[in-house]
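A.B. asks: Quick one: the structure is below, questions incoming.
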Amino acid sequence: MKHAGRLLKEHIEKNHLVKKQVANAAGITYNYLSTIFKQETMDAALLEKLYVAVGLHPGIVFDVPQEVNKSFSDISAQTEHGNASVKITNGENFREIIEAQKNLIAEKERTIQILMSASNIVVPGQNRDNNNK
């Protein structure tokens, strides 16, 4: 494991970040942040808050053995209730995928509302201007 405090301090200084703002973003005091710079390890929740606040992935502090860096293939299984599969992809940011899916669903919902309105379809309880109760 790398020196978590030193990595954090070097990143902050290299990127000219304001230490007071970093401390505030992580919910700690400036003095405590200065103490953390000297610590080789720290609580995982605090490490996550600090590293995310400065734009670092918290996982960089860990020394990952080479054999752990294997690529995975898709997983599939047969169950009593049917087949199940999980697609594992490399390099995709799942938060971006989830956000794109939410945006797509919101767009579909707007399209449905427009089509329903154009067709004079009224769903009771769905529209506060709806007089049908």
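The values are calculated or read from the model by the stated rules, or taken from the named source; none is laboratory data. Here the structure is a predicted model, which means the values were calculated and not measured. Here the Cβ is made from the backbone with ideal geometry for all residues, glycine too, and neighbour counts use every protein chain on show. Side chains are part of the model used for accessible areas, which takes the heavy atoms of the whole protein and leaves out ligands, DNA and RNA. Shrake-Rupley method; radii C 1.70, N 1.55, O 1.52, S 1.80 Å.
A.B. asks: What tally of residues in the range 60-70 results from selecting those that are exposed (fewer than 10 other Cβ atoms within 10 Å of the Cβ), in a helix (DSSP H, G or I) and either aliphatic (A, V, I, L, M) or at pLDDT 85 or above (or both)? Step through it out loud before you land on a result.
C.D. replies: Initial filter on the range 60-70 (exposed (fewer than 10 other Cβ atoms within 10 Å of the Cβ)): 63-70.
Then keep just the ones that are in a helix (DSSP H, G or I); that gives 66-68.
Add one more test, that the residue is either aliphatic (A, V, I, L, M) or at pLDDT 85 or above (or both), and what stays is 68.
Qualifying residue count for the region: 1.
A.B. asks: Report yes if Val86 is aliphatic (A, V, I, L, M) and modelled with pLDDT of 90 or more, otherwise no.
C.D. replies: On the way: aliphatic (A, V, I, L, M): yes; modelled with pLDDT of 90 or more: no.
No.
A.B. asks: Please work out if Ser73 is open to solvent by 90 Å² or more (accessible area, probe 1.4 Å), of a type in the set (Gly, Ala, Ser) and either modelled with pLDDT under 90 or not in a strand (DSSP E or B) (or both).
C.D. replies: Numbers: open to solvent by 90 Å² or more (accessible area, probe 1.4 Å): no; of a type in the set (Gly, Ala, Ser): yes; either modelled with pLDDT under 90 or not in a strand (DSSP E or B) (or both): yes.
For Ser73, the condition - open to solvent by 90 Å² or more (accessible area, probe 1.4 Å), of a type in the set (Gly, Ala, Ser) and either modelled with pLDDT under 90 or not in a strand (DSSP E or B) (or both) - is not met.
A.B. asks: Restricting to the range 10-44, give me the number of residues that are in a helix (DSSP H, G or I) and touching a residue at least 40 places away in the same chain (Cβ under 8 Å).
C.D. replies: Initial filter on the range 10-44 (in a helix (DSSP H, G or I)): 10-14, 19-26, 30-36, 44.
Remaining after also requiring touching a residue at least 40 places away in the same chain (Cβ under 8 Å): 11-12.
Of the residues in the range 10-44, 2 are in a helix (DSSP H, G or I) and touching a residue at least 40 places away in the same chain (Cβ under 8 Å).
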